[in-house]
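Undergrad: I have a structure here, written as structure tokens, and I will follow up with some questions on it.
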Amino acid sequence: MNLILLFIGAALVNNFVLVKFLGICAFLGVSKKVETALGMGAAVTFVMGIASMCSFLVYKYILVQFHLEYLYTLAFILVIASLVQFVEMVIQKMSPSLYSALGVYLPLITTNCAVLGVAVLNMQKAYTLVQSVVNGVGAAIGFTIAMLLMAGIRERVEDNEVLSGFKGLPLVLMIAGFMALAFSGFQNLIPNI
């Protein structure tokens with residue numbers, strides 16, 4: 001499989017947020033400001049890329065070797081939780097303002113279904129190590145693109161007059177729906193993905 005097509009497919013055609021509807025909690029919660037969305041996107045990209053690699057290695061060289069494949073969910077969550085703890089410590093030291101802006105959503109990467117979803121998808125599709133990492137990074141870039149687009153729209157809408165019934169979450173959900181509709185246009189971009 002062509003790695004470029006796999007990357008584009010993960011980022012646009014099968015976008016985890018707007019097509020598969022995974023990771024919605026962080027998507028809606030952190031997409032109020034572009035800077036925060038970018039920081040969260042970078043953290044998720046790092047975690048998804050490394051988690052894809054580590055999950056592949058744990059599954060292939062530990063779980064399969066010892067016939068413990070049924071423990072993949074638990075093993076993947078442990079790998080992701082360890083990586084998130086590492087990322088949280090790094091962000092807290094490097095950028096305290098970003099750490100406080102991300103707030104509770106940074107530890108929630110541990111239970112973000114998009115991160116677990118990409119690890120499980122890699123296993124189910126029997127991707128190689130390189131394909132797993134490319135798919136993980138592509139999915140994370142797609143997650144970041146969706147968050148940045150949503151944050152940009154929300155910043156612009158915030159300064160405009162909106163009907164009282166649409167303020168807050170109803171408007172955000174409508175925007176997300178329109179974005180999902182727009183991303184559905186990518187479905188025929190890459191055949192057989």
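Undergrad: Taking segment 147-174 as the region of interest, how many residues are outside any loop (DSSP other than H, G, I, E, B), among the β-branched types (Val, Ile, Thr) and over 21 Å from LEU102 (Cβ atoms)?
TA: Number of matching residues: 1.
Rundown of residues vs (1) of a type in the set (Phe, Trp, Tyr); (2) under 22 Å from LEU171 (Cβ atoms), yes/no style:
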| position | (1), (2) |
| --- | --- |
| LEU3 | no, no |
| PHE7 | yes, no |
| VAL13 | no, no |
| VAL19 | no, yes |
| GLY23 | no, yes |
| GLY29 | no, yes |
| LYS32 | no, yes |
| GLU35 | no, yes |
| ALA43 | no, no |
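Undergrad: Please go through segment 1-38 and give me each residue that is open to solvent by 10 Å² or more (accessible area, probe 1.4 Å) and outside any helix (DSSP H, G or I), ordered by number.
TA: Within segment 1-38, MET1, ASN2, ASN14, VAL19, LYS20, PHE21, LEU22, LYS32, LYS33 qualify.
Undergrad: To continue, here is another question. So which residues in segment 82-107 are aromatic (Phe, Trp, Tyr) and either in contact (Cβ under 8 Å) with a residue 40 or more places away in the chain or not in a helix (DSSP H, G or I) (or both), if there are any at all?
TA: The answer is TYR105, and nothing else.
Undergrad: Next question. Identify all residues within segment 175-190 that are aliphatic (A, V, I, L, M) and not in a helix (DSSP H, G or I); write none if there are none.
TA: LEU189, ILE190, listed by residue number.
Undergrad: Out of (1) surrounded by fewer than 21 Cβ atoms within 10 Å (Cβ to Cβ); (2) of a type in the set (A, V, I, L, M); (3) closer than 21 Å to VAL30 by Cβ, the odd one out for ILE109 is which?
TA: That leaves (1) as the condition not met.
Undergrad: May I ask you to list the residues in segment 50-81 that are closer than 18 Å to LEU116 by Cβ and not in a helix (DSSP H, G or I)?
TA: LEU68
Undergrad: Quick one: how many residues across segment 139-162 are within 30 Å of GLY117 (Cα to Cα) and β-branched (Val, Ile, Thr)?
TA: Counting residues in segment 139-162 that are within 30 Å of GLY117 (Cα to Cα) and β-branched (Val, Ile, Thr) gives 4.
Undergrad: Given the structure, is VAL47 buried (at least 19 other Cβ atoms within 10 Å of the Cβ), under 14 Å from the mean Cα position of the chain (by Cα), outside any helix (DSSP H, G or I) and among the β-branched types (Val, Ile, Thr)?
TA: no
The values are calculated or read from the model by the stated rules, or taken from the named source; none is laboratory data. Treat the numbers as computed from the prediction; the structure is a model and nothing was measured. So basically every Cβ, Gly included, is an ideal-geometry build from the backbone, and we count neighbours across all protein chains shown. Ligands, DNA and RNA are excluded from the accessible area calculation, which covers all protein heavy atoms including side chains. Shrake-Rupley method; radii C 1.70, N 1.55, O 1.52, S 1.80 Å.
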